[in-house]
Amino acid sequence: MARPLPALPESFAPTPDSVFTDQFGFYALDSNVPGLSKVILDKLNMKDYGEYRAALEGKAKVGFRSHKEMFEKMEETFKFCSSCSKLPSHLPDPRALRRCIKCLNVYYCSKECQRKDWPLHKKFCKMLRMVAVDRLVEWLVHTGDLPFPTEKWSRPVSEVRDWDDWLAMQGDLTPRLEPILSARNMTDLWANACRTRPEESELRQSIWRVCSEFFSRSLTLGLGVRIFGLDPYARPLTIHLAGAGHNETLGARVTDMDELSRMFPGHQGIEVVMVGPEVVQGPIMRPPLRAFGPRGKVYISAYKGLYHQFWEELVEKGEAARPDLVVGFHPGFHASQGLGEGWLPTLLLLRDYNIPSMFTMYNELELQYSLRILLELETHVKGSGKNPFGSQKPEQVQSSPNKPPSYCNSHYLCFHGLLEREPQVEEID
Ligand SMILES: [Zn+2]
Ligand SMILES: [Zn+2]
């Protein structure tokens with residue numbers, strides 16, 4: 001089916017509750033740079049993956065004395081020779097590892113390794129520079145400086161086909177970006193990261209890319225509403241975000257999906273329930289609504305657990321509204337590990353209860369794998385393709401930087417119920 005999975009290190013044996021998407025990715029780092037997962041745990045002062053997860057969930061403290069130390073440790077997880085994959089600890093002199101001066105993102109153990117890597121790296125150097133800037137600018141989402149405020153939609157949803165149309169409605173962004181650029185947090189960021197502050201134009205572009213990832217989430221939900229012909233003016237809508245993880249819920253605020261209200265001004269109420277085993281504690285951790293959403297407002301609630309458990313415990317008993325739409329952001333069910341234990345019961349439930357469903361992927365290949373799985377499950381696939389509101393922020397493969405980047409929500413697919421088969425023709429002899 002999917003591509004062969006890299007071997008897992010001995011320290012990690014999958015258990016029946018291995019439903020955390022990042023656990024697999026975390027150890028997959030080691031297949032490219034042996035020992036990298038351990039470096040990350042070491043830098044975070046953690047002994048194993050369990051502690052790492054606990055910290056993500058806010059149960060254990062990550063012991064950073066300062067932001068400076070945090071950025072330093074984060075940078076150290078990128079320190080390995082991009083050519084021969086050696087970690088600093090494998091070198092006679094760990095300080096011999098030098099950074100590419102152009103992108104400030106990849107390292108080399110020697111001039112020779114850098115020369116050898118250049119024919120390949122030159123294709124990605126420029127992109128990797130953007131990634132390294134975005135990685136820091138992203139911090140401003142946690143401080144609340146980002147995203148920039150947006151306008152009420154002046155055009156109907158059907159006329160806003162892509163980011164260009166959306167940006168055209170926003171008008172001049174300069175007065176909204178100025179306070180972000182001159183904010184104290186922006187200055188502190190570069191000081192703490194021990195990096196020269198990039199040019200203003202480079203920073204503006206980075207702010208846009210980071211914000212596009214943030215807005216991509218609500219705009220993708222809106223795209224699903226449109227594809228399935230749901231009418232938020234006729235009645236309140238309930239949208240379940242299945243498989244929501246720390247990406248969507250870490251530091252989440254109750255206003256995070258307000259773009260939906262600007263998109264459908266005066267709607268009857270939209271509720272977004274974030275459901276997933278990786279949901280992180282925070283202000284959105286409140287019970288889902290039983291029936292009607294608050295008019296004109298987006299209400300975010302959350303449930304920590306697998307989607308089919310949520311369905312049995314709350315939806316079935318009438319303690320949470322039935323969904324009009326279920327969306328999942330890059331569930332990665334093509335990576336067969338998570339499918340049997342996590343996603344399969346959910347996909348079958350969505351199919352059998354005839355729920356309008358939409359999933360996003362990081363790239364075209366992942367879309368193809370996912371489509372194959374849904375066809376095997378005989379779901380009725382209604383559409384798929386490039387998401388016009390995919391994130392514009394490139395993501396590098398941490399352990400293998402010289403590869404084409406992926407983008408959050410870059411592709412999507414929609415399905416609705418069971419594929420109807422043509423009736424068999426009776427054979428006449
Ligand atoms: Zn090397
Ligand atoms: Zn470079």
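Footprinting exposure proxy ranking of Ser182, Ser110, fewest other C-beta atoms within 10 angstrom first, gives Ser182, Ser110.
Computed extension length for Glu316-Leu419: 34.7 nm, one decimal, from 0.36 nm per residue of separation with the Cα-Cα distance subtracted. Modelled this way, with points 7 Å down the Cα-to-C-beta line, the labels at Val254 and Ile227 are 3.1 nm from one another. Cross-link partners of Lys111 among lysines, defined as those whose alpha carbon lies under 23 angstrom from its own and excluding same-chain residues fewer than eight positions apart: Lys79, Lys86, Lys102, Lys122, Lys123, Lys126, Lys403.
Computed per residue of the chain from DSSP H runs no shorter than four, each worth -39500 (n - 2.57), the mean residue ellipticity at 222 nm is -10500 deg cm²/dmol. Mean sequence separation of contacting Cα pairs (under 8 Å, at least six apart), scaled by the length of the chain, corresponds to a relative contact order of 15 percent. Qualifying GluC sites (Glu not before Pro) in region 193-226, where qualification requires a DSSP coil assignment and no more than 11 other C-beta atoms within 10 Å, comprise Glu199. Over all other residues within a Cβ to Cβ distance under 10 Å of Pro356, the charged ones net out to 0, with Lys and Arg as +1 and Asp and Glu as -1.
By the Stokes-Einstein formula, at 0.890 mPa s and 25 °C, region 205-276 with its Kirkwood radius over alpha-carbon pairs has D equal to 188 µm²/s.
How many angstrom lie between the Cα centre of region 100-149 and the Cα centre of region 280-359? Each part's Cα centre sits 36 Å from the other's. The stretch between Arg161 and Thr143 holds 3.4 nm of extra length on full extension. This uses 0.36 nm per residue minus the Cα-Cα distance. Sites listed here are trypsin sites (Lys or Arg not before Pro) in region 361-423 whose DSSP assignment is loop and whose Cβ has at most 16 other Cβ atoms within 10 Å: Arg421.
Checking every one of the chymotrypsin sites (Phe, Trp or Tyr not before Pro) in region 170-255 against DSSP loop status and a limit of 11 other Cβ atoms within 10 Å picks out Tyr233. With the Kirkwood sum run over all distinct C-alpha pairs, region 263-358 has a hydrodynamic radius of 14.3 Å. Using R0 = 22 Å, the C-beta based FRET efficiency linking Glu200 and Gln170 works out to 0.70. Annotation: Cα Rg of the chain relative to the compact-globule expectation 2.2 N^0.38 Å equals 1.03. Calculated on the alpha-carbon coordinates, the convex hull of region 216-418 measures out at 115 cubic angstrom per residue.
Coordinate-derived values only; no laboratory data. Here the structure is a predicted model, which is why all the values come from computation and not from measurement. We place every Cβ from the backbone using ideal geometry, glycine too, and count neighbours over all the protein chains shown.
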